Amino acid sequence: MITNTAQETELELLFQAKIDTEQKIEPKDWMPDAYRQNLIRQMSQHAHSEVIGMQPEGNWITRAPSLRRKAVLLSKVQDEAGHGLYLYSATETLGISRAEMITALQTGTAKYASIFNYPTQTWGDMGAIGWLVDGAAICNQVSLQRTSYGPYARSMIRICKEESFHQRQGYQIMIELAHGTPAQKEMAQDSLNRFYWPSLMMFGPHDSESAHLARSMKWKIKRETNDDLRQKFINQTVSQINYLGLDHPDKALQWNEERGHYDSSELNWDEFYSVINGNGHCNRQRIQHHVKAHEEGAWVREATAAYNLKKQLKLARDAA
Ligand code: 3HC
């Protein structure tokens, strides 16, 4: 007789073999519960990041310096809402409801990217966010296009295309400011100085401190480690800063011929942990704003549910 445990062991072996041969795991496939839970955690946090990330930039839509800039920023912020929606939908295929995910966000059980707890103080911050924050997000998300869970991988392909446009629009704002008047150049430098370090923190703790890394790499949920992705971003940002003619915020940055990478300063990990544990500049404000918007949107959700019910009833009657 084959026991449950023996069957589960065989299922796990077959599951891992599928991953090892680069086949995608789809919603109805068998998967270990820990794989499912880990994906729900990462994907829902990713979705929350997209949605909470609308707030720091949304704050500047009414203050954009021209109609064209306003239209571009508005469109970017709308894209982020769309990314959140794809990701919530993809996460729902794992058996969790949208309402459960929202509750986890609003009660602090689920995290969202630390970067969005920093305030946006000037128009230059719109440039720095598009360039550095979306740039760091792409650096990570390009690798996630090859993640093992099919719906997540497919959503990443579209999201990356849109994030590339966001990165370009941010860099273009920086080019104009950095090559503008002395006051504009100073604004660009100040935004770079404030957003550079938190952007590096977006990649998460060092690999040695990353709780989920080993399993996520084995299951190919993550395709590159936190430190490798951060290093890639550090390297690619150097020539971009040079082109802008701005000063690099990391005074200790140095090319290491042997490693073939830039060596850089250690990050302020106390600050990182303080922010992800809810004590950043804007954590409380971001969640309060989300709760308010969610409550004010209750009638839209009720109306949509009522409309769907009416539509289903009509379909059922027509079919009867
Ligand atoms: N911000 C907030 N929390 C973070 C974090 C960050 N920058 N980096 C790590 N953490 C949290 C983890 O979520 C985990 O907490 P948990 O156990 O409560 O979930 C803890 O710190 C330990 O970190 P690990 O390295 O073990 O966690 P992961 O293996 O999940 O790696 C990650 C962290 C690299 C961020 C990974 O989750 C990931 O790649 N996520 C998908 C990408 C993503 O979420 N991107 C959001 C960027 S913003 C964005 O895309 C919006 C766009 O508009 C710019």
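The values are calculated or read from the model by the stated rules, or taken from the named source; none is laboratory data. Since the model is a prediction, treat every value here as computed from it, not as a measurement. Here the Cβ is made from the backbone with ideal geometry for all residues, glycine too, and neighbour counts use every protein chain on show. The area values use the complete protein model at the heavy-atom level, side chains included, leaving out ligands, DNA and RNA. Shrake-Rupley method; radii C 1.70, N 1.55, O 1.52, S 1.80 Å.
Tabulated results
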item	result
log10 of Debye I(q)/I(0), alpha-carbon scatterers only, for segment 175-320 at 0.09, 0.10, 0.13 Å⁻¹	-0.53, -0.62, -0.83
Inter-site label distance for HIS281 and ASP20 at 7 Å from Cα along Cβ, in nm	4.9 nm
Unit charges on C-beta of K, R, D, E only; dipole of the chain, Debye	1280 debye
Accessible area (Å², 1.4 Å probe, nearest 10) - THR181	70 Å²
Those aspartates and glutamates that a straight Cα-Cα span of less than 12 Å connects to LYS220, excepting residues fewer than 8 apart in one chain	ASP20, GLU22
GNM top mover of GLY108, GLY135, GLY170 - the chain, alpha-carbon springs below 10 Å	GLY108
Segment 186-266 - percent of accessible surface contributed by carbon and sulfur, probe 1.4 Å	48 percent
In segment 240-320, the trypsin sites (Lys or Arg not before Pro) that fall in loop regions by DSSP, at most 13 other Cβ within 10 Å	LYS251, ARG259
Carbon + sulfur, % of accessible area of segment 25-82 - ligands and nucleic acids excluded, 1.4 Å	59 percent
Whole-Å semi-axes of the ellipsoid equivalent to segment 91-182 (Cα gyration tensor, √5λ, descending)	31, 19, 8
Pairwise FRET efficiency - THR103 versus LEU13, Cβ, R0 = 25 Å, nearest 0.05	0.10
Amide H within-cut-off set for HIS261, under 5 Å, with H built and near neighbours excluded	ASN256
Helix-derived mean residue ellipticity, 222 nm - over the chain, DSSP H n ≥ 4, -39500 (n - 2.57), to 500	-21500 deg cm²/dmol
Proximal lysines to LYS185, defined as alpha-carbon separation beneath 23 angstrom and excluding residues fewer than eight positions away on the same chain	LYS70, LYS251
Quarter of Cα convex hull surface for segment 16-90, i.e. mean projection, nm²	6.4 nm²
Loop-located trypsin sites (Lys or Arg not before Pro) in segment 18-65 whose Cβ has at most 10 other Cβ within 10 Å (DSSP)	LYS28
Principal-axis tilt of helix 4-20 within the chain, Cα atoms, nearest 10 degrees	40 degrees
Additional length obtainable on full extension of the chain from SER66 to PHE165, 0.36 nm per residue less Cα span	33.7 nm
Most mobile listed residue (TRP269, TRP123, TRP255) in the chain, GNM with C-alpha springs under 10 Å	TRP255
Segment 257-320-segment 195-251 distance, computed between alpha-carbon centres (Å)	23 Å
Estimated dipole of segment 266-320 in Debye, rounded to 20 [Cβ of Lys and Arg +1, of Asp and Glu -1, Cα centre]	620 debye
Under the Karplus curve 6.51 cos²θ - 1.76 cosθ + 1.60, θ = phi - 60°, whole-Hz ³J(HN,Hα) for segment 135-145, x wherever Gly or Pro sits	x, 5, 4, 5, 3, 6, 6, 4, 6, 6, 5
Signed unit charges on C-beta, dipole axis of segment 195-272, positive-most listed residue LEU213, SER264, LEU246	LEU213
Values of log10 I(q)/I(0), in the order q = 0.08, 0.11, 0.15 Å⁻¹, for the chain under a Debye, Cα-only, solvent-free model	-0.42, -0.77, -1.30
GluC sites (Glu not before Pro) lying in DSSP loop within segment 240-320, provided at most 14 other Cβ fall within 10 Å	GLU257, GLU258, GLU266
